[in-house]
Amino acid sequence: MPQSGLILVAALSGRAIAQAVARTGAVVATLDQFGDADVPAPARRVAGDPVAGFDGEALIAAARALAPPGSGLVVGSGFEQAPELLAALLGAGPYRLLGNGPEVVRAVKDPAGFAARLATPGLAKMGVSHPETRTEVLEDAVPGEWLIKRTGAAGGGHILPWNGGSLPGGHYLQRRAAGLAVSVAFIADRSGKCELVAISRQWADPAPDAPFRYGGAVLPAAVPQSLAARLAETARRIAAAFGLAGLNSLDLLVDGDAVSVLEVNPRPGATLDLLERHRLGGVMRAHLDAAAGRGWSLGPPRPGVIAGAVAYAAAMLTMPAGFAWPPWCADLPRAGSTIEGGQPLCSVTAWGGDEEEARRRLSRRIEHIVADCARRGCLVEKTGPMEKTGDVVPSLQC
Ligand SMILES: Nc1ncnc2c1ncn2[C@@H]1O[C@H](COP(=O)(O)OP(=O)(O)O)[C@@H](O)[C@H]1O
Ligand SMILES: [Mg+2]
């Protein structure tokens, strides 16, 4: 394959990955569904939606326009419900994949196959299990004890309590487990090396129709050393079992000594901004090297704790021109973008000496930016389907 120095980033929301790749000194081009103002150029917004994913033809046409054959390819969310689209995108360059391939993604995201692979005595002996998972409704299932989840989805918005109804295509049931939500970020390579990057504590920001909608995360979480070692070993075994490469994360529930593995995110995920700041020199260089089969190492952890969350818009608004975003905001909607109430406005981060301080500052910042946008953004009348988009440019006279 010819080599190109460029790295193509493709993700539903590509800003965090693109900025991290750019910080390594690489030339980056980005395809995503938001086209936010802080995505490094060149970038293209690709049609699709967060549930259906990318419009495959549009994605491939945009990739060919931006990235020559032989470019590197780093993907974020958007391919786990459609690993075949990842295969098609790779072949369309062809591009050099810097991450997990379509077969690995398919294996990790197949609910029954994932559950079967995790049912190993090795994990059970460590007190690590996986909530019972079913791809059909059986007579003995009691509503209230089960959640319904969409295969390959992310962001928690797809998870609902099961009310006893039938199971729509592409969904599965998972037994509710107890515990605090924790995520383990790790970097692995195909030689079996696997290092813990950080353990984060995660929280939901429930919406009326989405009780598990992603809220934010704080890292490094203060967890006992013995638990941290057990979680790192769990990640190492799962990485080896599936052949994971690069930066991945493992979402879990921790209930005393009992650990339930919920899922693997086989790509840089929602905590990337936090990990980039937590490790001296960032984590993207190690991701690129580990995925490409080169030697890699992680910088040491920096002091302090970093929290990050999604700020959701309080009501529908249109971003005015010249809005002065504070430096702690990212994923910035362009002037003229319309954001529906309850949809992501931007991402916010805050540093603190400990988890409590970081989260307190984060909450204040979220309140501030949501109120500021509500005050200065034009409230708009709903005239049709709206989304956070740079393509809709209504009047800025507000
Ligand atoms: N089986 C479960 N039992 C209890 N809570 C769950 C379960 N599955 C998911 N959740 C809740 O939903 C959140 C997101 O779950 P996850 O499986 O990671 O979905 P997503 O792929 O959308 O991130 C978890 O942090 C947890 O709070
Ligand atoms: Mg998750």
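Here, each number is a calculation from the coordinates, and none is a lab measurement. None of the values given here were measured: they were computed from a predicted structure. Here the Cβ is made from the backbone with ideal geometry for all residues, glycine too, and neighbour counts use every protein chain on show.
Pairwise Cα distances in the range 49-158 exceed 16 Å in 68 percent of cases. Mind running the shape call on the range 1-76? Use the C-alpha gyration tensor, a ≥ b ≥ c as the square roots of the eigenvalues: rounded below 1.5 for a/c, prolate if a/b tops b/c, oblate otherwise. Because a/c hits 1.5 or more and a/b fails to exceed b/c, the range 1-76 counts as oblate. In this Cβ point-charge picture (+1 for Lys and Arg, -1 for Asp and Glu), the range 1-52 has a dipole of about 120 debye about its Cα centre. With a simple spin-label model that places each label point 7 Å from the Cα along the Cα-to-Cβ direction, the separation between LYS125 and ASN163 comes to 4.6 nm. Can you give the Kirkwood hydrodynamic radius of the range 243-341 from its Cα pairs, in Å with one decimal? Result for the range 243-341 stands at 16.8 Å.
When ARG201, ARG176 are sorted by how many other C-beta atoms sit within 10 angstrom of their C-beta, beginning with the fewest, the order is ARG176, ARG201. Beta bridges assigned by DSSP with both partners in the chain are antiparallel in approximately 80 percent of cases. Remark: SER200, SER166, SER4, SER297 ranked as SER166, SER297, SER4, SER200, counting other beta-carbon atoms within 10 Å and listing the fewest first. Among beta bridges identified by DSSP and lying wholly in the range 6-98, the antiparallel ones come to about 10 percent. Principal axis analysis of the Cα atoms in the range 305-379 yields extents of 37, 21, 17 Å, listed in decreasing size. A Gaussian network model of the chain, with springs between Cα atoms under 10 Å, assigns the largest mean-square fluctuation among PRO268, PRO168, PRO111 to PRO168. With only the Cα atoms considered, the range 106-194 has a convex hull volume of 136 Å³ per residue. Remark: PHE79, PHE212, PHE186 ranked as PHE212, PHE186, PHE79, counting other beta-carbon atoms within 10 Å and listing the fewest first.
Modelled this way, with points 7 Å down the Cα-to-C-beta line, the labels at GLU233 and GLU356 are 3.2 nm from one another.
With Cα atoms as the point set, the chain shows a radius of gyration and Dmax of 20.5, 64 Å. Averaging the Cα positions of each part gives two centres, and for the range 232-291 and the range 146-224 these lie 13 Å apart. In this calculation the C-beta distance from LEU280 to GLU139 is compared with R0 = 41 Å, giving a FRET efficiency of 0.15.
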